[in-house]
Amino acid sequence: MDNLWYKFLDLYSGSYTQKILIEALDLLNQLWPYLVAGIVLSSLVKVFVSRQAIAGIFTGRRNAMTIVLAALLGVLSPLGSYIIIPLSAALFVVGIPLPVLMALMVSSPIINPNLFFLTAGAMGYEMAVMRVVSAFLLGVTAGYLTQFLIRRKKLTPEAILRSSPDLEAWIQTEQDISFKAFFRDLYRMTRYVSKYFFLAIVLAAAIKILVNPYYVVRFLSENSFLSVLITTGAGVPFYVCGGAAIPVVQQLSELGLPDGAVLAFFISGPVTKIANIAMMQSAFKKNILSIYLITGIGGAAILGLIYTLFK
């Protein structure tokens with residue numbers, strides 16, 4: 001196998017293509033254990049923890065406590081936004097308070113077990129922990145902001161949810177809890193994540209080989225405030241898949257991108273990626289989407305700047 005690989009590399013001897021492929025393989029060797037660990041853990045929790053159990057966490061407790069619990073659950077949950085957002089809409093239908101659900105929806109995209117392991121492997125545990133802390137803080141902030149707006153009567157029940165008669169039925173659908181379902185989900189998640197991850201590995205290697213570090217350092221590292229604002233905005237159009245973004249950002253970090261700017265991108269990107277905005281728009285009305293986006297984008301800029309100041 002190794003001989004075939006080296007023969008393949010020899011076809012591009014001395015070229016940038018060869019250098020990029022060698023660098024991509026090196027990156028893959030560094031990150032694959034974290035990728036595998038995150039996918040397996042995510043699939044285990046997704047299959048064997050029922051949606052009814054998630055709903056039960058939020059019942060019978062004071063609102064203030066459930067906001068904190070929801071933000072914490074969003075950090076720990078491996079469920080993607082394509083599940084968390086419609087699940088939150090369904091939970092609202094059955095009586096779970098909106099502030100609790102906002103905390104869950106804001107914290108969940110920013111970090112999950114898979115992204116934690118990948119971030120730790122690529123950029124160290126400090127950045128991984130900062131993503132966890134940021135997700136939790138912004139989830140709690142979104143929850144209490146929503147609670148404040150409801151108490152001031154800026155949000156009314158009829159201005160929250162779009163008409164969707166199937167939501168309550170969705171949450172009550174029986175969940176397949178079995179090893180067969182686990183392996184099926186493991187396959188699906190591996191196929192989905194790997195498709196973007198391997199593409200990002202090659203892109204990250206290309207950045208390292210082709211981009212002159214001088215220009216990155218000069219443009220972004222000389223002004224930390226500006227770099228945070230740029231990466232906060234860049235997260236909106238350029239963030240597609242969490243695992244895929246990490247190798248690319250890792251290379252930009254090694255080229256001189258400040259840690260505060262990295263953190264800002266890691267917050268704004270997952271919250272504001274197009275798929276999540278479309279999902280929010282399909283389930284909730286515009287004022288709820290506005291809270292979601294303001295918390296994500298504003299929080300990214302603020303936390304990125306704070307991290308820059310104290311780094």
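The values are calculated or read from the model by the stated rules, or taken from the named source; none is laboratory data. Since the structure is predicted, the reported quantities are computational estimates derived from the model, not experimental observations. All Cβ positions, even for glycine, are placed from backbone atoms using ideal geometry, and neighbour counts span all protein chains on display.
Structure summary
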| item | result |
| --- | --- |
| Some residue of segment 131-138 being surrounded by 24 or more Cβ atoms within 10 Å (Cβ to Cβ), more than 17 Å from the chain's Cα centre (by Cα) and either aliphatic (A, V, I, L, M) or not in a loop (DSSP other than H, G, I, E, B) (or both) | no |
| Of all residues making up segment 84-107, the number that are free of Cβ contacts under 8 Å to residues at least 60 places away in the same chain and touching a Pro at 6+ places or on another chain (Cβ under 9 Å) | 1 |
| Residue count for segment 269-307, restricted to those that are polar (S, T, N, Q) and surrounded by fewer than 19 Cβ atoms within 10 Å (Cβ to Cβ) | 4 |
| Qualifying residue in segment 203-216 (condition: at pLDDT below 65, surrounded by 15 or more Cβ atoms within 10 Å (Cβ to Cβ) and in contact with a Leu (Cβ under 9 Å, 6 or more places away or on another chain)) | yes |
| Matching entry among 294, 277, 267, 302 (being at pLDDT below 85 and aliphatic (A, V, I, L, M)) | 277 |
| Among the residues listed as 79, 87, the single one being at pLDDT below 80 and not in a helix (DSSP H, G or I) | 79 |
| Tally, over segment 17-54, of residues that are buried (at least 17 other Cβ atoms within 10 Å of the Cβ), under 23 Å from residue 96 (Cβ atoms) and either modelled with pLDDT of 70 or more or small (Gly, Ala, Ser) (or both) | 1 |
